[in-house]
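Enquirer: What follows is a single structure, and I will ask about it in a moment.
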Amino acid sequence: MKKKKEPVIEPQNTFDALARIKYYLELNEMSTYKLAKLTNIPQSTIATWYEKNLCPPIPKLEIICAAFDITLPEFFQINDEYVIVSGKQAEIMSKYNSLSSSNKALVEDIMDVFLRKQES
């Protein structure tokens, strides 16, 4: 008796890296040409990813993230409960989180002053 062949189960790809790149291109008002120039990734390579629906390799995604001024974890973040922040914003948040409660209050007061000044 022949063994039944097990079905091949393809993993579900719940993350669309190409759509995310397109999102950040639009967010940064950047063309694929400019992205290619900033990353030294040939524009033809980027075009091939889209034409063949290929996920770029992680080393290339790291370079692309640097051009968008985001981290790789930020790029892959899919939880809508969290706001995607730039690398600089994450740095500021990290510094803020290391402050004492009283210094956090001072920083918040200073920011309120700047915001009121900006609104007027």
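What follows is calculated from the coordinates using simple rules that are stated; it is not laboratory data. Owing to the predicted nature of the structure, the values given are computational and were not obtained by experimental measurement. For neighbour counting, all protein chains shown are included, and Cβ atoms are generated from backbone atoms with ideal geometry for every residue, glycine included.
Enquirer: A 25 angstrom limit on the alpha carbon distance is what I want to check against. Which of K22/K60; K34/K117; K34/K88; K37/K95; K34/K60; K52/K88 exceed it?
Expert: Flagged as over cut-off: K34/K117; K37/K95; K52/K88.
Enquirer: Between L72 and V107, what is the label-to-label distance in nm when each label sits 7 Å out along the Cα-to-Cβ direction?
Expert: 2.7 nm
Enquirer: So for the stretch 14-83, averaging the separation of alpha carbon pairs under 8 Å that are six or more residues apart and normalising by length, what relative contact order in percent results?
Expert: Relative CO of the stretch 14-83 lands at 34 percent.
Enquirer: In whole Hz, with x marking every Gly and Pro, tabulate ³J(HN,Hα) for the stretch 50-55 from phi via Karplus 6.51 cos²θ - 1.76 cosθ + 1.60, θ = phi - 60°.
Expert: Values per residue, Gly and Pro as x: 6, 4, 9, 6, 9, 7 Hz.
Enquirer: Sticking with this one: Could you pull out every residue, at least 5 positions away or on a different chain, whose amide H is within less than 5 Å of the one on I70? Hs are placed 1.01 Å off N in the peptide plane, and Pro or chain starts have none.
Expert: Under 5 Å from the amide H of I70 lie the amide H atoms of G87, each far enough along the sequence or on another chain.
Enquirer: Chymotrypsin sites (Phe, Trp or Tyr not before Pro) within the stretch 30-120: which are DSSP loop residues with at most 13 other Cβ atoms inside 10 Å? Numbers along the way, then the final one.
Expert: Working: sites: Y33, W49, Y50, F68, F75, F76, Y82, Y96, F114; in loops: Y82.
Answer in residue order: Y82.
Enquirer: Another question, then. Considering only DSSP states other than H, G, I, E and B, which trypsin sites (Lys or Arg not before Pro) in the stretch 31-120 qualify as loop sites with at most 16 other Cβ atoms within 10 Å? Display every interim value, and only then the final one.
Expert: Working: sites: K34, K37, K52, K60, K88, K95, K104, R116, K117; in loops: K52.
Qualifying residues, ordered by number: K52.
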